[in-house]
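Notes to accompany the following structure.
Readers should treat all values here as calculations from the given coordinates under stated rules, not as data from a laboratory. From a predicted model like this one, the values you see are computed outputs, not experimental measurements. Glycine gets a Cβ as well: all are built from the backbone with ideal geometry, and neighbour counts include every protein chain shown.
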Ligand code: AMP
Ligand code: MG
C-alpha cells in the first residue's frame with residue numbers, strides 16, 4: 001500500500017488556476033525506478049507494495065488515495081514571444097504534501113495523458129526524455145543545485161509518435177512548487193489583478209513566509225525570488241550546466257531547476273555553448289543565462305508592479321532596485337563560487353582578492369581557447385600543490401593534457417600559484433575544500449545518450465542504473481568508475497540535444 005500524506009493547497013486558489021483532470025491509463029506500465037530515499041524523506045510509506053503496483057500508480061493507471069489531480073494554468077514567454085495560454089499539457093499535479101518539518105512539496109506525473117492545456121500535443125512523454133530528466137535532476141540534487149526531484153519512472157508499453165515511433169514513459173517529479181513566472185504572467189495578461197495577488201500570497205505563505213513579516217511583503221517576495229534565481233544560475237555556471245529553454249514558463253518561482261528538456265553539461269569549455277536544437281540564435285547559450293535570468297525576472301516584476309505600491313512610478317523604481325539587487329547578488333554568488341573552485345579564500349589582503357575575478361576569467365579564457373574539459377580542468381586543478389614540483393607531477397601532466405596548447409595553462413598556473421602564496425590554509429586543507437566543490441562525475445551527454453540507447457533499442461536499463469548510481473556521489477572518486485570521468489571521444493560527442501518530449 002502506498003500512502004502519500006497529501007494536504008492540498010494549490011487547488012484552494014480557485015478554478016481559474018487549473019483544470020481538474022485524471023491521468024489517462026497506459027497499456028502495460030512497468031517500473032524502471034522508484035526513489036525510495038526521496039519517498040521516505042517526503043513521509044510516503046510504501047509497505048508491502050510490489051513493482052507492479054508501483055508501476056500502476058506512477059503511470060497514472062491507479063490514482064493514489066487522497067490525490068486531487070489537476071493541470072495548472074500558466075502562460076509564458078517562449079524564446080522572447082509571449083504565449084498567453086500554455087499550462088500543463090502533459091503533466092498532472094496529484095497534490096501537495098507537508099513534511100513533518102513544515103516543508104511543502106508537490107507531486108506531478110509527466111507524460112500521463114492529455115489535459116485541457118494540451119493544444120495539439122498528445123500529453124505523453126517518450127522514454128528517452130524521462131530517463132534524461134531522472135538522471136539529470138537526481139544528479140543536480142547531489143551536486144547541491146536546487147532542483148525538482150525524480151520520484152519514479154515507468155515505461156508505458158505504448159509508443160508515442162514523434163519523428164519516429166518511440167517507447168513511452170512517465171516520470172513522477174517532486175518540486176517545492178510548480179508555480180512558474182509564467183503562472184503570474186497568465187493572470188497579469190488577463191488583467192486579473194486579484195488572482196495575481198492570491199497567487200503571490202500563496203507563494204509567500206508556503207515558500208517565503210519571512211516575506212509576510214516585511215513592511216512590503218510583495219517587494220520582499222520579489223527580492224527573495226530574485227536572490228534565489230541569482231544563486232541558482234550562479235550554481236549552473238559553476239558546473240557548466242546549460243538549461244537550454246529558459247522560457248518564463250520554465251522558471252520556477254522557488255528557484256529550483258525545472259523542466260529538463262534539451263539541457264546539457266558542457267564537456268569542452270566554450271562561453272557561447274548551445275546544445276539545444278531549437279535554440280537557433282543562441283538565446284539560451286551558456287554565457288547568456290545570467291542575463292536571461294534578469295530578463296525573466298523583469299517579466300515577473302511587471303506582473304507584481306500593482307502590488308508593490310499605489311504609485312506606479314514608485315513601484316517601477318522598487319522593481320528596478322530589486323533587479324539591480326539580482327545583478328549584484330549574481331556577481332557575488334558567481335565570484336564566491338568560482339573562488340572556491342579555484343581554492344581562493346577571502347582571508348587575504350583586499351588588494352589581492354580584488355584581482356581574483358580577472359584571474360578566474362583568464363582561466364576560463366584559456367580553457368575556451370583550448371576547448372579544455374570544464375569538469376576535469378577544475379577537478380585536476382584541485383589536486384595540485386602550491387609549490388610547483390621540480391618535474392611535472394602526474395596531476396600536472398593530466399591538467400596539461402586537457403589543453404591543446406599546454407604552455408598556456410602553464411602561464412596561468414604561475415599566476416595562480418603566486419595568488420595561492422597569499423593563502424594561510426595548508427595545501428591539504430585547500431585541496432580538500434576544492435574537491436568538495438569540484439565534481440569528479442557529471443551527467444555527461446554521451447553517457448546519458450548511451451543509457452537512453454540501451455533502454456530504447458535493447459530494453460536494457462542496466463546502463464541507466466549504473467550511471468545513476470555513479471552520479472549519486474559526484475564529488476568522490478569511485479573505484480572502477482574512471483570511464484564516467486572521461487569526456488566523449490569525437491565519435492561519441494553529442495552536438496545537439498532535442499526536447500523530444
Ligand atoms: P516545455 O517544452 O516543457 O517547456 O513545454 C512547453 C509547453 O508545451 C507546455 O505548456 C507543455 O505542457 C506543452 N507540451 C509539451 N509537450 C507536450 C505534449 N507532448 N503534449 C501536450 N503538451 C505538451
Ligand atoms: Mg515547460
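Computed extension gain for residue 417 through residue 142, at 0.36 nm per residue and net of the alpha carbon distance, reaches 96.0 nm. Histogrammed with a bin width of 10 Å, the alpha carbon distances of segment 1-76 distribute as 17, 42, 32, 10, 0 percent, first bin at zero. Per q in 0.10, 0.11 Å⁻¹, report the Debye log10 I(q)/I(0) for segment 387-500, using one uniform scatterer on each alpha carbon and no solvent. With no solvent term, the Cα-only Debye profile gives -0.45, -0.54.
The Cα center of segment 172-231 and the Cα center of segment 259-329 differ in position by 16 Å.
Estimated purely from DSSP H runs of n ≥ 4, each contributing -39500 (n - 2.57), the mean residue ellipticity at 222 nm for the chain is -13500 deg cm²/dmol once divided by its residues. Using the average count of surrounding beta-carbon atoms within 10 Å as a protection proxy, the listed peptides 224-236, 425-437, 443-455 rank, highest first, as 224-236, 443-455, 425-437. Binning all Cα-Cα separations of segment 79-220 at 10 Å, short to long from zero, yields these whole-percent fractions: 11, 31, 36, 18, 4, 0.
With neighbour counts taken as other beta-carbon atoms within 10 Å, the residues 263, 421, 499, 21 rank, fewest first, as 421, 499, 21, 263. Taking only the Cα atoms of segment 217-274, the radius of gyration and Dmax are 12.8, 44 Å. Between residue 472 and residue 347, the modelled label-to-label distance comes to 3.5 nm, taking each label 7 Å out from Cα in the direction of the beta carbon.
Taking segment 364-436, how much of its Cα-Cα pair set, in percent, is spaced more than 17 angstrom apart? In whole percent, the long-distance tail amounts to 41.
Taken over the Cα atoms of segment 2-178, the convex hull encloses 125 Å³ per residue.
Modelled spin-label separation between residue 210 and residue 6, with each label point placed 7 Å from Cα along the Cα-to-Cβ direction: 3.3 nm.
Rg and Dmax of segment 182-340, based on Cα coordinates, read 16.2, 50 Å. Potential lengthening of the chain between residue 491 and residue 298 amounts to 65.3 nm, from the contour at 0.36 nm per residue minus the alpha-carbon distance. At an R0 of 22 angstrom, the distance between the Cβ atoms of residue 85 and residue 16 translates into a FRET efficiency of 0.95. Shown is the FRET efficiency for residue 385 and residue 361, computed with R0 = 25 Å from the Cβ-Cβ distance and rounded to the nearest 0.05: 0.55.
In terms of the mean number of neighbouring beta-carbon atoms within 10 Å, the peptides 121-134, 380-393 order highest first as 121-134, 380-393. Which FRET efficiency, nearest 0.05, do residue 190 and residue 272 yield, Cβ-Cβ r, R0 45 Å? With R0 = 45 Å, the Cβ-Cβ based efficiency is 0.75. What the Cα atoms of the chain give is an Rg and a Dmax of 23.4, 72 Å. The fewest-to-most ranking of 274, 348, 404 by surrounding Cβ atoms within 10 Å reads 404, 348, 274. A viscosity of 1.306 mPa s and a temperature of 10 °C, combined with the Kirkwood radius over C-alpha pairs in the Stokes-Einstein formula, give segment 50-112 a diffusion coefficient of 117 µm²/s.
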